[in-house]
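Scroll down for the structure; my scribbles are underneath it.
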Amino acid sequence: MGTAMAGHLLAQGHALTVFSRTRSKSEGLLQRGARWVDAPARLADASDVVFTMVGFPGDVSDVYLGEAGLVQQARAGMVFVDMTTAPPSLAGTIAEAIKARGAQFLDAPVSGGDIGARNASLSIMVGGEPHVLEAIRPLFESLGTSIVHQGATGAGQHAKLCNQITIAGTMIGVCESLLYGYRAGLDLETMLQSIRGGAAACWTLDNLAPRILARNFAPGFFVEHFVKDMGMALEESRRMGLVLPGLALVHQLYLAVEAHGHGCSGTHALMLALEELSNVRLSAPPAEP
């Protein structure tokens, strides 16, 4: 996702400096004119606005708060934007450290997966000062079609967790629908043609159900990252005194997917765990209902 997003900024004519832990992932950007640096902190030396998107909360903490992190290089007037899905409390800690150096911080996680990143159609949920968002809104508009200010620091992360809770419930519904239709002897393509046009219509049906039928479990968003996100949502819900049994169930099923070695598959690999429970595989001829 990050490569596609950075490419949109480059295509808009912005001077782009990049760092990733695996340089080969940035080669296409470098060939198009981006500049490489060998450490995150050096991004701040070369930039007025720094976007970060990494894997896990520990990575976010290291990139910003580590011994050679971005906070140490922050200058007055700079803007830092973290687009990783991470705990709201971590966003608050980073924002305080950044503001102490005269710079600004936005938490701005995204939804839309690899398709949204490639098509610059991401939904971007922003927490932080509204005037900072407005100052760099044109950059966000290069990346997404929905840029919504959710509130103070951390609010973007809370909104993203709402997004992930919704996806969790939708994903199990789509997978169970396919299993049911298969066992009932339906042609699944024909069945999907009908339900996509009714009240069940959703992004997951349109974009991930076809991948399931093709047995293409390549990631648009990694299972291991989704497990992380659901875990954060469950932790936040406990802190707020909420009981979310649907989310807890799907989280457990995804842990099973991960335990079977599919942590780096796409989130639609939930189907693999559900097939295991019912001893069904969609690619095999269905048994008589």
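Does the stretch 112-181 classify as rounded, prolate or oblate by the C-alpha gyration tensor (a ≥ b ≥ c root eigenvalues; a/c under 1.5 gives rounded; else a/b over b/c gives prolate, otherwise oblate)? Verdict is oblate for the stretch 112-181. Check the straight Cα-Cα distances from K160 and name the lysines below 20 Å, setting aside those fewer than 8 residues away within the same chain. Leaving aside lysines fewer than 8 places away in the same chain, those within reach of K160 are K228.
Normalising by residue count, the chain has a Cα convex hull of 143 Å³ per residue.
Computed over the Cα atoms, what is the radius of gyration of the stretch 2-152 divided by 2.2 N^0.38 Å, N being its residue count? It is 0.96. As a proxy for reagent exposure, ranking F56, F19 by other Cβ atoms within 10 Å from fewest up yields F56, F19. Beta bridges from DSSP with both residues in the chain: antiparallel share about 20 percent, rounded to the nearest 5. The ranking of Y180, Y64 by Cβ neighbour count inside 10 Å, starting from the fewest, reads Y180, Y64.
When only Cα pairs below 8 angstrom with a gap of at least 6 residues are kept, the chain shows a relative contact order of 14 percent. Taking amide H positions as modeled 1.01 Å from N, with prolines and chain starts lacking one, the residues under 5 Å from W36 and 5 or more places away or on another chain are V18.
Can you give the relative contact order of the stretch 90-179 as a percent, counting alpha carbon pairs under 8 Å and 6+ residues apart? So the answer I get is 28 percent.
Largest GNM mean-square fluctuation among A199, A152, A68, using the chain with Cα springs under 10 Å: A199.
Size descriptors for the stretch 177-286, from the alpha-carbon set: Rg then Dmax equal 15.1, 47 Å. Each other residue within a Cβ distance under 13 Å of Y64 adds +1 if Lys or Arg and -1 if Asp or Glu, for a net charge of -4. Average 1/r across all pairs of distinct alpha carbons in the stretch 66-202, invert it, and you get the Kirkwood radius: 17.0 Å.
A short reminder: the numbers here are calculations on the coordinates, not readings from a lab. Note that the structure is predicted; figures quoted are calculated from it, not measured. Using ideal geometry, Cβ is built from the backbone for each residue, glycine included, and neighbour counts are taken over all protein chains shown.
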